[in-house]
Amino acid sequence: MSKKAASDPAYVKHLNTRLVHAGRSDPRVVSSPVFHASTVLFADYAEFCEREAAPLDREHMYYGRMGTPTTRALEDAVCELDGSVGAVLASSGTASMASILNCFLSPGDHVLMVDSVYGPTRKFCLGSLARRGVSTTFYDPLMDEELHTLVQDNTRMIFMESPGSATFEIQDVPAIVAVAKQHGLLTAIDNTWATPLLFNPLEFGVDLAMQSGTKYLNGHADCLFGVTTTASPELYTQLHHHTLAHGMHLAPDDAMLALRGMRTLAIRMEAHDRGARTVASWLETQPRVRRLLHPAWDSCPGHAIFERDFKGANGLFAMVMQRENEQAMAAFIDSLELYGVGFSWGGFESLCLPMHATRKLPSIALADDETLVRLHIGLEHPQDLIDDLARGFAAMDALAGA
Ligand SMILES: *Cc1c(COP(=O)(O)O)cnc(C)c1O
């Protein structure tokens, strides 16, 4: 567990250094060995009795599912990143989200959920939570202190995501935390877009911060994991016990890949941000692009809040385009050579996802003749990525001219 205060300026300043050195489980090697362990052997009867009687701790192994030096090293690294008192790992970001909602909401409770939330989180509220007797109100992501008008007697939690990973509205987290504190509500946030590098929710008083580590923390599109952190020892213990009770676990090789990815998080983020700003600046000049939903652009809803609260941006943004027929969209997407079409983001490669085809976009005001295309700018040279998009637009033009 990290003992560093997130408010310590040295902690923030030298985050890159900490990411390189954090979470080293064995001082004899730079990269932590991977423990593949279910059974843990006790030295003798006396040690067995001692461990059986003692509460779980981080110094001793007990049984593989309860953690190994590999998963603890990853937890330590995550705690170094945001100054939390503890990190609860899960097999995916979705598992982290579901455990927060399941652990802290009981039948009869009500949750205020941001309308721009990740699709599967919305589905979880409408399905699993509803079946357990927990009701949900989806609120406009641009609401600030007026959110208090939606608080009910049985409201227990406000869940945020900022920016929304499909429609990019930036939320006023400090104003929402103030509403929560006034009413004694828990706050949670899906901080996958920012990671604690760009926005540290715990510094803004949020109780529970989850991330899909599948995205930027891992950064190489080769493992799935989720993590939740908190500054509260009580909330940490509650969530930790909840995930243990549900048998949640992160496999050792995935923990190693996650930790390996985190070593380079800071330099990757800088490169993604630089590349994305270069590509976005070019896109802005393109006649087929109506506006950009990039938090650093003032066309993005909540941009002023981004300027106030965030330390930077990354490689994920969207462009609003004039809606074309399916044939034109196919010509655009299929002529791209460097952008893959696929879910997820945060890896080293560029991706292009036509959003309207797959999902309902509840929170954005798109005109009938508009469509949304999300780009992830990877670590390729930005000029190559621009040339590739130019090829895509040219393919649409050729079709229109034909
Ligand atoms: C991908 C994603 C998740 C889910 O993460 P998985 O690791 O794929 O389960 C949750 N929230 C956001 C914002 C995401 O982008």
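The values are calculated or read from the model by the stated rules, or taken from the named source; none is laboratory data. Not measured: the values here are computed from a predicted model. A quick note on method: Cβ atoms are made from the backbone with ideal geometry, for glycine too, and the neighbour counts reach across all protein chains shown. Quick note on the areas: whole protein, heavy atoms, side chains included, nothing else; ligands and nucleic acids left out. Shrake-Rupley method; radii C 1.70, N 1.55, O 1.52, S 1.80 Å.
Points worth noting:
- Here residue 131 meets the list (1) without any contact (Cβ under 8 Å) to a residue 12 or more places away in the chain; (2) within 23 Å of residue 205 (Cα to Cα) almost entirely, failing just condition (2).
- Filtered by the rule that a residue be open to solvent by 30 Å² or more (accessible area, probe 1.4 Å) and within 13 Å of the ligand (Cβ to nearest atom), region 108-136 gives 118, 119, 120, 122, 123, 124.
- Test: residue in region 296-314 that is over 23 Å from the mean Cα position of the chain (by Cα), touching a residue at least 12 places away in the same chain (Cβ under 8 Å), more than 28 Å from residue 123 (Cα to Cα) and open to solvent by 40 Å² or more (accessible area, probe 1.4 Å): no
- Pairs with Cβ under 6 Å, 6+ apart, first in region 6-27 and closer than 22 Å to residue 232 by Cα, second at pLDDT below 85: 11/4
Table: residues versus (1) in a helix (DSSP H, G or I); (2) modelled with pLDDT under 95; (3) surrounded by fewer than 22 Cβ atoms within 10 Å (Cβ to Cβ).
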| site | (1), (2), (3) |
| --- | --- |
| 234 | yes, no, yes |
| 237 | yes, no, yes |
| 242 | yes, no, yes |
| 250 | no, no, no |
| 256 | yes, no, yes |
| 259 | yes, no, no |
| 262 | yes, no, no |
| 272 | yes, no, no |
| 277 | yes, no, yes |
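- Single condition residue 203 does not satisfy, out of (1) touching a residue at least 12 places away in the same chain (Cβ under 8 Å); (2) assigned to a loop (DSSP other than H, G, I, E, B): (2)
- Within region 207-232, if we keep just the residues that are buried (at least 24 other Cβ atoms within 10 Å of the Cβ) and farther than 16 Å from residue 254 by Cα, the residue that is nearest to the ligand (Cβ to nearest atom) turns out to be 210.
- Among residues of region 70-107, those that are of a type in the set (Val, Ile, Thr), open to solvent by 20 Å² or more (accessible area, probe 1.4 Å) and more than 16 Å from the ligand (Cβ to nearest atom), counted: 1
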